[in-house]
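Some notes on the structure that comes next.
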Amino acid sequence: MGERVRKVLAVAHAVAAGMLMSALVLQGPYMPHVAILVVLHAATCLGLLRPQPWVPWVMGVLSGAGLVFAALSLYTPIQLLGLAIETYLLLTGLSAYTGLLIASFSYAIFRRGEFSA
């Protein structure tokens, strides 16, 4: 079961990297914090597919940076868009992103034995 969960998390991180990359392409390339998150998600995805000992550390850095990014970004749609349907979609996406980061970091902490070898 641990291997399946690890692969599902790897796919989720690949999707998150793709979504953040599309934000870079659509919104402009002048967001270095998003580019760093894309690189960290790609590294996490590769490290989850083939368990590496550095994955818990990368997940810790990714969770720290990503949670701050998502928490600060939750207030922006409300200010810019008001209470439109787009606002609720963005809030749902950022909440799901936060859930992914928390689930991944929890997995890395509680199943750290899989990554040490």
Answer with yes or no whether M1 is over 15 Å from the mean Cα position of the chain (by Cα), of a type in the set (A, V, I, L, M), within 21 Å of G113 (Cα to Cα) and modelled with pLDDT under 85.
yes
List the residue pairs whose Cβ atoms are under 8 Å apart, where the first residue sits in region 106-117 and is under 9 Å from P51 (Cβ atoms), the second is polar (S, T, N, Q), and the two are 6 or more positions apart or on different chains.
F115/Q52
Can A35 be described as of a type in the set (G, A, S), more than 14 Å from L101 (Cβ to Cβ) and touching a residue at least 24 places away in the same chain (Cβ under 8 Å)?
no
Could you tell me whether any residue of region 78-97 is closer than 24 Å to R4 by Cα, touching a helix residue (DSSP H, G or I) at 6+ places or on another chain (Cβ under 7 Å) and either of a type in the set (S, T, Y) or part of a helix (DSSP H, G or I) (or both)?
yes
Please work out if L67 is over 27 Å from R111 (Cα atoms) and out of contact with any Lys or Arg (no Cβ under 6 Å at 6 or more places or on another chain).
no
Which of the residues spanning region 45-61 are more than 20 Å from V15 (Cβ to Cβ) and loosely packed, with under 15 Cβ neighbours inside 10 Å?
P53, W54, W57, G60
Residue satisfying condition, being surrounded by fewer than 14 Cβ atoms within 10 Å (Cβ to Cβ) and closer than 17 Å to A42 by Cα, within set G64, G82, G99:
G64
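The values are calculated or read from the model by the stated rules, or taken from the named source; none is laboratory data. Note that the structure is a prediction, hence the values are computed from the model and not measured. Every residue, glycine as well, gets a Cβ built from its backbone with ideal geometry; the counts of neighbours run over all protein chains shown.
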